[in-house]
């Protein structure tokens, strides 16, 4: 018995394997998550670094006194010339540098988060 043309089409349809469509949902979800993590990390690191910077700058002033007024009548602070104060100023200076570097890192995280979130294609309905 000879197969009809409709039976051939059914057999042909069964043999063809359809490839699944590539979904961008997972990639978009990962990018959104990365943007959120970068934003939160940047904000937390920035807040802590700015707070520590202000504290170290304040504590550094303990080793300064008012100097003599200059020709315009402005008195500039002068460092107390003791071993403890010199060590304290140097230690605080190093902390201030690290805090400034942390703020730059935090700014980079926030900028990266903004760039990532703008690159994510919006879901169209």
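The values are calculated or read from the model by the stated rules, or taken from the named source; none is laboratory data. Quick caveat, the model's predicted, so the values are computed rather than measured.
Of everything listed in (1) modelled with pLDDT under 90; (2) not in a loop (DSSP other than H, G, I, E, B), the single unmet condition for residue 46 is (1). Does residue 54 satisfy being farther than 30 Å from residue 31 by Cα and under 21 Å from the mean Cα position of the chain (by Cα)? Answer is yes for this residue.
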